[in-house]
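I have placed the structure first, in the form of structure tokens, so that the comments after it can refer back to it.
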Amino acid sequence: MNHRQAIAAVVALLLAVTAYAQKTAITVTTTVPEGSLLFTAMTQPFVSAVHSRCGDAVDLKPFGTGVLAPFNEGHKAVQDGRATAAHTTPIWAVNLDPTNAILGSLPGGLSPEAMLVWLYKEGGRDLWVKYRREQMGLHPIVVGMGTTEIFAHSHKPIRNGADLKGMKFRTAGAWAEIIKTFGATPVVLAGADVYPMLERRAIDAAEFLNPSGNSTSGLANIAKFVIVPGIHSASWPYEVVFKADFFDKLPKPVQACLTDAGELATLQAYTTFGALDLKAMATMREKNEIISLNPAFVQEVKALGRKWMLEKAEEQAGKGNKWVKEITGSYFRFQDSWERNSDYRAR
């Protein structure tokens, strides 16, 4: 598609959308406070993309966490009607169904670039949609891609699994289960509670976000050691979920413009974080001690992540939940192919 064709396609979509006189009002609960980096870099791009793609046909209003629902109740808030939609992460639904670990952030999982390819070109997004609709009665739109996180801001050095023994470690999702293997105690906290808990040394270490997110949160100011790479969370997509019935009743052009807005927001979030992360790491190198994890430990975490996921797939299959095995199979087949065949890529 050339430049003129692309412009024509956007204009055609806008004309189709604005042909509907009735404006669709959408309230959106989110996982973070309004004004935070995650809100401005992940939530706001989707809001802006909806306005540019859908015109006046959609009135979308996001609310910071706690206004409509707690940070970890986005999916539930849509199901029970507290919000029309939720801008959220599958990580907060791992305890409901381990399928969400693959979709959200699997220890030892795909890099952001690989995750984007799997989602958009290798069937990952289609599986995500089918799974959400069948299991939760929700329709998801992928709306963001988070960059690799920092493994930990820590009061103690961490280089391998033995160093985790006895530590109180703020985390969430699948890593909260796997980290117990190394004798650590996982502590699940809302984002706003991470800084004060780490500052008071109520926890020994914390993983939270990528370098830019953690830098904005001030974690590098209160813990000496910055541990990389974030093997526990190489990539973390975000989604906006609606009730499937609500989404299906929207005019087709509105469905299309919302989906299109999600793709645009995903690219914007990924590139924004990519630029900000480099600056954040440069700042941390000046005042913190950066520690790289032992490569053998990185591979151990990767193996444990896959083992945990495959065990959950078998366990859930026995309970009649086919989705863990189906999505896990697709994900790992692609990961294996990526690792075998992507060595031509320049770094």
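The values are calculated or read from the model by the stated rules, or taken from the named source; none is laboratory data. These numbers were taken from a predicted model, which means no experiment stands behind them. Note that we place each Cβ from the backbone using ideal geometry, even for glycine, and neighbour counts take in every protein chain shown.
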| How many residues does region 150-193 hold that are modelled with pLDDT of 95 or more, assigned to a loop (DSSP other than H, G, I, E, B) and surrounded by fewer than 19 Cβ atoms within 10 Å (Cβ to Cβ)? | 8
| query | Do we have GLY146 as within 30 Å of ALA85 (Cα to Cα), in contact with a Leu (Cβ under 6 Å, 6 or more places away or on another chain) and either among the β-branched types (Val, Ile, Thr) or touching a residue at least 12 places away in the same chain (Cβ under 8 Å) (or both) here? | reply | no
| query | Is there any pair with a first residue in region 113-131 that is touching a residue at least 60 places away in the same chain (Cβ under 8 Å) and a second that is aromatic (Phe, Trp, Tyr) and part of a helix (DSSP H, G or I) whose Cβ atoms are under 6 Å apart and which are 6 or more apart or on different chains, and what are they? | reply | ALA114/TRP338; TRP118/PHE334; GLU122/PHE334; GLY124/TRP118; TYR131/TRP323
| task | Would you list the strands (runs of 3 or more DSSP E) that sit entirely within region 209-312 and hold 3 or more residues that are within 29 Å of LYS76 (Cβ to Cβ), touching a helix residue (DSSP H, G or I) at 6+ places or on another chain (Cβ under 7 Å) and not basic (Lys, Arg)? | result | 236-243
| Do we find a residue being in a loop (DSSP other than H, G, I, E, B), touching a Gly at 6+ places or on another chain (Cβ under 6 Å) and either within 16 Å of HIS139 (Cβ to Cβ) or small (Gly, Ala, Ser) (or both) anywhere in region 82-100? | no
| note | Matching residues in region 198-256 (within 15 Å of PHE151 (Cβ to Cβ) and β-branched (Val, Ile, Thr)) number 5
| Scope region 314-347; condition of a type in the set (A, V, I, L, M), part of a helix (DSSP H, G or I) and either without any contact (Cβ under 8 Å) to a residue 60 or more places away in the chain or over 30 Å from GLU134 (Cα atoms) (or both); matching residues | ALA317
| request: Looking at (1) basic (Lys, Arg); (2) within 28 Å of ALA83 (Cβ to Cβ); (3) in contact (Cβ under 8 Å) with a residue 12 or more places away in the chain, find the lone condition where ARG306 falls short. | output: (2)
| query | Would you pick out the residues in region 92-106 that are under 20 Å from VAL28 (Cα atoms) and buried (at least 24 other Cβ atoms within 10 Å of the Cβ)? | reply | ALA93, GLY104
| task | Could you please tell me which pairs satisfy a Cβ distance under 8 Å, a separation of 6+ or placement on different chains, a first residue in region 49-74 that is in contact (Cβ under 8 Å) with a residue 60 or more places away in the chain, and a second residue that is among the basic types (Lys, Arg)? | result | ALA57/LYS23; VAL58/LYS23
